[in-house]
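Since the structure comes first, as C-alpha cells, the remarks are kept for the end.
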Number of protein chains: 4
Amino acid sequence: MEVGFIGLGIMGSRMAANLLARGFSLTVHNRTAAKAEELLRQGARWAERPAAAAAKADVLVTMLADPAAVHAAALGKEGFLAALRPGTLWIDCSTVDPSFSRRMAQEARGRGVRFLDAPAAGTKGPAEAGQLVFFVGGAAGDLQEAGPLLQAMGRSVLHVGENGMGTSLKMVVNLMLGQAMAAFAEALRLGEALGLGKEKLLETLLGGAVAAPFLSGKKQKVLAERFEPEFPLKWMAKDLHLAAQAAFECAAALPCGAAAKELYSLAAAHGWGEQDFSAIYGFLGRAPAGSPPAGRASAG
Amino acid sequence: MEVGFIGLGIMGSRMAANLLARGFSLTVHNRTAAKAEELLRQGARWAERPAAAAAKADVLVTMLADPAAVHAAALGKEGFLAALRPGTLWIDCSTVDPSFSRRMAQEARGRGVRFLDAPAAGTKGPAEAGQLVFFVGGAAGDLQEAGPLLQAMGRSVLHVGENGMGTSLKMVVNLMLGQAMAAFAEALRLGEALGLGKEKLLETLLGGAVAAPFLSGKKQKVLAERFEPEFPLKWMAKDLHLAAQAAFECAAALPCGAAAKELYSLAAAHGWGEQDFSAIYGFLGRAPAGSPPAGRASAG
Amino acid sequence: MEVGFIGLGIMGSRMAANLLARGFSLTVHNRTAAKAEELLRQGARWAERPAAAAAKADVLVTMLADPAAVHAAALGKEGFLAALRPGTLWIDCSTVDPSFSRRMAQEARGRGVRFLDAPAAGTKGPAEAGQLVFFVGGAAGDLQEAGPLLQAMGRSVLHVGENGMGTSLKMVVNLMLGQAMAAFAEALRLGEALGLGKEKLLETLLGGAVAAPFLSGKKQKVLAERFEPEFPLKWMAKDLHLAAQAAFECAAALPCGAAAKELYSLAAAHGWGEQDFSAIYGFLGRAPAGSPPAGRASAG
Amino acid sequence: MEVGFIGLGIMGSRMAANLLARGFSLTVHNRTAAKAEELLRQGARWAERPAAAAAKADVLVTMLADPAAVHAAALGKEGFLAALRPGTLWIDCSTVDPSFSRRMAQEARGRGVRFLDAPAAGTKGPAEAGQLVFFVGGAAGDLQEAGPLLQAMGRSVLHVGENGMGTSLKMVVNLMLGQAMAAFAEALRLGEALGLGKEKLLETLLGGAVAAPFLSGKKQKVLAERFEPEFPLKWMAKDLHLAAQAAFECAAALPCGAAAKELYSLAAAHGWGEQDFSAIYGFLGRAPAGSPPAGRASAG
C-alpha cells in the first residue's frame, strides 16, 4: 500500500516512522524539509509539495497543526486534494474542529476522494511507541480499509460515527485534558503557597480520586520545572480555541473551558508556547527575572 | 472515651453513627434537633446547646458547614470552647480555610484545649461506610490519641503537618474536585451538543486517562439527570470560595478555579444549591421551563 | 443610485427605511419575507433571492447576523456575488470578524466587485434615527462613493484603514460594550444584595466616572426588569465569540472578555437570547420559578 | 478639633496634608515612620503607636491597606480602639468589606466609640487636590460632625446608609473600576494586534460611549507604557477579592468580576503589583525579555 504522509512535527514524524517500520511504502512531505531527514534515511521518499505526496498514494495521511494548515495542504497552491486519484482515502489525524472535518469530507467527496477524520489522542511518548488512540469519523468500510495503517500507529481505534464525529470526540477529550492540567497546576501552586511540600502534594494528589490518570505522566516535569514538550502548550491553547468554536456553533457554554483557554493563551503570549502544556504550572508560579520596572508604591 | 459531636448534616450524622457503632459514648448537638433522632435511638445523648455537648467530653468533634458555623458553635453564645475541660482535644472535621483553622487552634490553646484540624475527604457514601480520608494538621501526639476515633470513621488518616495543614490539603483537593466535575460537565454537554451519544461519551471518557477516578461515581446521576445530594453543590461553591480566600492570602492566582467557583455560585443562585454538585451538569444544559418573557427579535 | 439591500432584522429594516426616506431606489431581500412588508409599502421592491437583489444594483448593502449568514447570501445558492455587475460596490454592514471581511474582500475582488467592510455601531434607536456610526475598511475612493449612502443611515463615518480594519475596530468596540454591560449587571446585583437601593445605585453609578456613557440608556430596562431588544443578547454572545476568534488568530489573550462571552452564552442557553443584552442583569439575578427538582439537603 | 490619623500611604499622606492645610490639629502614625516626615515638617505630631495617636483625639481617621491592617491598628497590640475616649468618633476611610465595617462598628460601639465607614473614591491626584468622594455609612448625626473634616479632603460626601453601606457602595464602584480597566486593556491589545494604531484606538474608544470616563485619565500611561502608581495594581486585586468575598456572603455571583480579579492577581504574581492598576495593559502585552528556556517544538 502506497501511503502519502504530510506533517512531520513531534507527532507526525513518530507516526510516520511506525508506518515505515511496519512495512508501508511512504512518501512524505513537510513544510520544513529538515524534519524529514531521519525518515528518508529509514526509506521514505521525499515530496517537495503536498501534491507530490499524493500522486501515487492509495492512502494519504495528514498530521498537521490546525485547520489552516490542513486547508493549505489540501486546497492551497499545489495542494494534495486535486492530486489524489479518485477512490483514494484521505485520513486526517490532525486535531481540528468538527465543522472543518465535515467541510473537508465534503471537499474530498466532491473530488471522488473518501475521507476519515481520525484525530490521534496521545502525546510524543505514545506516538513513538505506536500506542496512540484514534477517534474515527466516517464510513465503516473506509475505516476497515484504514485499519492496518491506524493499528500500525496506535493501540486502539474507536469508530465514533460519521464524518466529524471523530473530531468531535477529540475536542471533548482535549477540553478535559487542558482543564485537568490547569486545575492541577493551580492546585499545586496553591498547596505550595500554603506551605505543603511539593513532593507530598504530588504523591497525595496523584494517588487519589481527584487527579486524572494522565497527570502522573507530568510528575517529573513539574518536580523538575523543566517542560520538554510532548504536547506543546500552544497546541493546547489552539485545541481549547477549537473547542470554544465548536461550542459556539452548537450553542454550548464553556465558562470553565474558556478560562483555561485564556490562561494557556496568556502563557503563550508570555513565551511558554513551545514548551509542554504542563508548563502552565511554570507560568502560574514564576515571575520573570528582570520583569517590570519597579515603580515603587506602598500604603500604610 | 466520652465524645461530644456537633453537626449532624449529611456527613456528620453518618460519622457519628459509626462512632456509636464502634462503642464510643456520644453526646450530640445539632442546630436542628430532628436530625439527631436516629442517633438518639442508637444510644447517643442529646445536648441542647454546644456547651452541653462539651461538658463531659474527652474529645469534641465538629462537622459543620463553614467557618461561620464553627465559629458560632465554638465561640458564640453557649459555645463549646469555654465549656471544654482543659487538656481535652477538639477535632474539627469541617472544611474551612487554613487561616481559620490556625485561628481556632490559637483560641483553643488560649483555653488549654488541644486542637486538630482534620477535614474529611469523601461524600455521603464513604461517610456511611466509614471510608473517609482524614487530612490532619496538629501535633503528632494529639493525632495518636485521636487515631482510634478517626479510624472508626475513615479508612485512612494522613498527618499533613502542623495546625492548618490538614485544612490546606483539603482546600487543594476540593479545588481539584470542583474543577474536575465542572470540566466533565462542560465536556459532556459539548459532546452531546455535537451529536455524540451520552452513554458512549460517558463510557469513553470515564474509561480514559483524562477523567478523575471519582467521576465514575457520578455516572448514574448524570445519566438520569437526577442529582440526589451526596455533596451538595452549595458546599462546593463554599469550598471554592474558601480556596479563593486562602489563595488570596498567599498571593496565588486561581484563574480556572475562580471560573468554576462562579459557575457553581451562579447555579446556586438559580436554585441548584441543595442538589449534588454534579448538578452543575444540569445547570449547564437545562433551560428552565417557563423562562423569560419572549421578547421576539431576529436578524436577517 | 440603485441599491440592493439584504438583511431586514432589527437593524437592517430601519437602515433600509432611512435609505428609502432619502430617496434611494431600493430592492430588498430577507430570509423571512414578512419582515419586508413595511418597506415594500414605502416603495422598496422585493427580491425573492439574494441574486435578484443584486441584478440591477450599483451598490449592494448587507446587514446580516454573522459570517455564516453573509457567506450564504454572497456565495450560497443564488448568492448575490455572482449576480453583481463588475465594478459595483458591496458594503457589508454586518458585524463579522476581520479575517472574514478580508476573505469577502478577496472573493469580491475576484469577481471585479469592490468591497467595503462598514459595520454599524449602534442599536435599534440610533438605527431608526439614522444616527449610527460606521467603521469603514477599504479604499478611500470606494468610501467616497459610499459616503451619501452611509450618511443617510448614520451620523458619522470613520475611515479606519484597509479592508478588515473597519471590522477590527467594531470587534474592539463591542468587546468593551459587552464587558461593560456585564460588569454593570454584576455590580448592580452585588449592590442590591448588599442592601443598596437599586435607584440610588443606578443614580450613583451612572453619574460617576466608572460607568460607560451608553449604560445610561439601559437604566429603564434594568429598573423595570423588562428587556425589550435593541441589541439582542444572542448577538452580543456572537460578537464576543468573533472577538475571541480574532484574538486567537493574532495571539491576543482575552481572559475577561472570554468570561463575559461565556456568561452571555450561558444566559442564551437559559432562554434569554432574544432579549436585549442588558438582560444579562436578569439572568444574574433571577432564579427561574419552578426550577430544579428540590432534592433536599442540609448540613448542621 | 484634635484629629488622630493612621495610615500615610499614597492616599493617606495626601489626605492628612489637606487636613493640616485646613487647620486641623493632627497626630499621625504610620507603620513606617519615614512616610510621616513631610507631614511633621508641616506641623503634625508623631505618635509612635496607634494608641498614642488616639489618646487626645476627638476624631480618629484610618486610611489603611486592608481589613487586616485596620484590625491590627484598632485591636492589635497598642491598638487605638482601647485608647479612644468614649464618645469620640472613628472614621475608617480604608477600603474594606462590608462585613468587616459592620464588625468594626460593633467593636467601636462596645467601647462607647462612634463609627463611620467612609471609604474614599479617587486616586493619588484627587487625594492631593482634596477632590475625593466619600461614601459614608453610619448615623446622620455622626456624619454631620464629620462633615468639615471630610470636606477638607474631598469634594463630595454621600451618605449611603447605616454602617457598612458606605463600604458596600465602594465595593460596587471598585468592582466596576477594575473590570472597566481590564476590559479596556484587553480591547486595546486586541486592537493593536489586529493592526489598529494605538493612538487612533485610544482616540476612538475614549471619545465614545463604551469607555468609562475615568479611562481618559489612563491614556498617557498606556501610551507611554509607564505605569507610575496612582492606585497600585495590588490594591485593585485586593479590592476585587473583597468584592468576591462580599458577593459570596450575600450569594451573588461575579463571573466576570472573578476573571478580572484573577487577571490582576496573576499580574501581581508576575511582578506588576506596585505599579498603577492600568499596568494590566502591560501585563497583557509584554512577554518578559529572557523568559522561559526555549524548549523547541513544532508541528508540520
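The values are calculated or read from the model by the stated rules, or taken from the named source; none is laboratory data. These numbers were taken from a predicted model, which means no experiment stands behind them. Neighbour counts run over all protein chains shown; Cβ positions are idealised from the backbone, glycine included. Surface areas here come from the heavy atoms of the whole protein model, side chains and all, with no ligands, DNA or RNA. Shrake-Rupley method; radii C 1.70, N 1.55, O 1.52, S 1.80 Å.
Could you please let me know if D:GLU48 is closer than 20 Å to D:MET104 by Cα, open to solvent by 60 Å² or more (accessible area, probe 1.4 Å) and of a type outside the set (A, V, I, L, M, F, W, C)?
On the way: closer than 20 Å to D:MET104 by Cα: no; open to solvent by 60 Å² or more (accessible area, probe 1.4 Å): yes; of a type outside the set (A, V, I, L, M, F, W, C): yes.
No.
Restricting attention to the range C:171-191, does a residue exist that is modelled with pLDDT of 95 or more, part of a loop (DSSP other than H, G, I, E, B) and among the polar types (S, T, N, Q)? Step through it out loud before you land on a result.
Start the filter on the range C:171-191 by keeping residues that are modelled with pLDDT of 95 or more, which leaves C:171-191.
Remaining after also requiring part of a loop (DSSP other than H, G, I, E, B): none.
Checked the range C:171-191: no residue is modelled with pLDDT of 95 or more, part of a loop (DSSP other than H, G, I, E, B) and among the polar types (S, T, N, Q).
Might you let me know whether the range A:84-96 holds any residue that is closer than 26 Å to A:ALA247 by Cβ, in contact with a helix residue (DSSP H, G or I) (Cβ under 9 Å, 6 or more places away or on another chain) and open to solvent by 10 Å² or more (accessible area, probe 1.4 Å)?
Of all residues in the range A:84-96, those closer than 26 Å to A:ALA247 by Cβ come to A:91-96.
With the extra rule that they be in contact with a helix residue (DSSP H, G or I) (Cβ under 9 Å, 6 or more places away or on another chain), the set shrinks to A:91-96.
Next, only the ones that are open to solvent by 10 Å² or more (accessible area, probe 1.4 Å) stay: A:95.
Within the range A:84-96, one or more residues are closer than 26 Å to A:ALA247 by Cβ, in contact with a helix residue (DSSP H, G or I) (Cβ under 9 Å, 6 or more places away or on another chain) and open to solvent by 10 Å² or more (accessible area, probe 1.4 Å).
Please state which one of C:ALA193, C:ALA182 is among the small types (Gly, Ala, Ser) and in contact with a helix residue (DSSP H, G or I) (Cβ under 7 Å, 6 or more places away or on another chain).
Details: C:ALA193 fails: in contact with a helix residue (DSSP H, G or I) (Cβ under 7 Å, 6 or more places away or on another chain).
One residue alone meets the criteria, C:ALA182.
Whether any residue in the range B:148-155 is out of contact with any helix residue (DSSP H, G or I) (no Cβ under 9 Å at 6 or more places or on another chain), open to solvent by 30 Å² or more (accessible area, probe 1.4 Å) and within 30 Å of B:SER99 (Cα to Cα) is what I want to check. Reasoning before the result, please.
First, the residues of the range B:148-155 that are out of contact with any helix residue (DSSP H, G or I) (no Cβ under 9 Å at 6 or more places or on another chain): B:148, B:151.
Then drop every residue that is not open to solvent by 30 Å² or more (accessible area, probe 1.4 Å), which leaves B:148, B:151.
Cutting the leftovers down to within 30 Å of B:SER99 (Cα to Cα) gives us B:148, B:151.
Within the range B:148-155, one or more residues are out of contact with any helix residue (DSSP H, G or I) (no Cβ under 9 Å at 6 or more places or on another chain), open to solvent by 30 Å² or more (accessible area, probe 1.4 Å) and within 30 Å of B:SER99 (Cα to Cα).
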Determine if the range B:17-28 includes at least one residue that is within 14 Å of chain C (Cβ to nearest Cβ) and among the charged types (D, E, K, R). no
Qualifying positions in the range B:210-234 - open to solvent by less than 50 Å² (accessible area, probe 1.4 Å) and facing another protein chain (nearest Cβ under 7 Å): B:VAL210, B:ALA211, B:ALA212, B:PHE214, B:PHE227, B:PRO229, B:PRO232
Filter result for B:PHE277 (of a type outside the set (A, V, I, L, M), open to solvent by less than 10 Å² (accessible area, probe 1.4 Å) and touching a residue at least 60 places away in the same chain (Cβ under 8 Å)): yes
Scanning the range D:127-140 residue by residue, those part of a helix (DSSP H, G or I), open to solvent by 10 Å² or more (accessible area, probe 1.4 Å) and either under 20 Å from D:ARG103 (Cα atoms) or touching a residue at least 24 places away in the same chain (Cβ under 8 Å) (or both) turn out to be D:GLU128, D:ALA140
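Among what's in the range C:192-201 and is free of Cβ contacts under 8 Å to residues at least 12 places away in the same chain and outside any loop (DSSP other than H, G, I, E, B), pick the residue that is surrounded by the most Cβ atoms within 10 Å (Cβ to Cβ).
In the first step, residues of the range C:192-201 are kept if they are free of Cβ contacts under 8 Å to residues at least 12 places away in the same chain; the result is C:193-197, C:200.
Now restrict to residues that are outside any loop (DSSP other than H, G, I, E, B): C:193, C:200.
Working: C:ALA193: 18, C:LYS200: 15.
Within the range C:192-201, the match that is surrounded by the most Cβ atoms within 10 Å (Cβ to Cβ) is C:ALA193.
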Could you count how many residues in the range D:249-268 are more than 8 Å from chain C (Cβ to nearest Cβ) and within 19 Å of A:ALA260 (Cβ to Cβ)? 5
Among the residues of the range A:202-253, which ones are part of a loop (DSSP other than H, G, I, E, B), of a type outside the set (Lys, Arg) and over 16 Å from the mean Cα position of the chain (by Cα)? A:GLY207, A:GLY208, A:ALA209, A:VAL210, A:ALA211, A:ALA212, A:GLU225, A:PHE227, A:CYS250, A:ALA251, A:ALA252, A:ALA253
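Picking from C:GLY12, C:GLY112, C:GLY7, C:GLY43, which residue would you name as being touching a residue at least 24 places away in the same chain (Cβ under 8 Å) and open to solvent by 10 Å² or more (accessible area, probe 1.4 Å)? Please lay out each step first, then the result.
Working: C:GLY12 fails: open to solvent by 10 Å² or more (accessible area, probe 1.4 Å); C:GLY7 fails: open to solvent by 10 Å² or more (accessible area, probe 1.4 Å); C:GLY43 fails: touching a residue at least 24 places away in the same chain (Cβ under 8 Å).
The conditions single out C:GLY112.
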Looking at A:THR204, A:THR167, which is the one that is surrounded by fewer than 24 Cβ atoms within 10 Å (Cβ to Cβ) and β-branched (Val, Ile, Thr)? A:THR204
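In the list B:PHE214, B:PHE231, which residue meets the criterion of being aromatic (Phe, Trp, Tyr) and either free of Cβ contacts under 8 Å to residues at least 40 places away in the same chain or under 30 Å from A:MET165 (Cα atoms) (or both)? Lay out the reasoning, then the answer.
Details: B:PHE231 fails: either free of Cβ contacts under 8 Å to residues at least 40 places away in the same chain or under 30 Å from A:MET165 (Cα atoms) (or both).
None of the others qualify; the one that does is B:PHE214.
Kindly provide the set of residues from the range A:176-191 that are charged (D, E, K, R) and either more than 7 Å from chain B (Cβ to nearest Cβ) or open to solvent by 10 Å² or more (accessible area, probe 1.4 Å) (or both), ordered by number. If you could, list the steps in order and put the result at the bottom.
We begin by selecting, within the range A:176-191, every residue charged (D, E, K, R); these are A:186, A:189.
A:ARG189, the sole residue that qualifies.
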Lone unmet requirement of (1) more than 15 Å from the chain's Cα centre (by Cα); (2) open to solvent by less than 30 Å² (accessible area, probe 1.4 Å); (3) free of Cβ contacts under 8 Å to residues at least 60 places away in the same chain for C:VAL59: (3)
Please name all residue pairs, on different chains or six or more residues apart, with Cβ atoms under 7 Å, provided the first residue is in the range C:153-177 and is hydroxyl-bearing (Ser, Thr, Tyr) and the second residue is in a helix (DSSP H, G or I). C:THR167/C:PRO98; C:THR167/C:SER101; C:SER168/C:PRO98; C:SER168/D:GLY191
Only one residue in A:ALA65, A:ALA34, A:ALA72, A:ALA53 is within 14 Å of chain D (Cβ to nearest Cβ), free of Cβ contacts under 8 Å to residues at least 24 places away in the same chain and either surrounded by 15 or more Cβ atoms within 10 Å (Cβ to Cβ) or assigned to a loop (DSSP other than H, G, I, E, B) (or both), so which one is that? A:ALA72
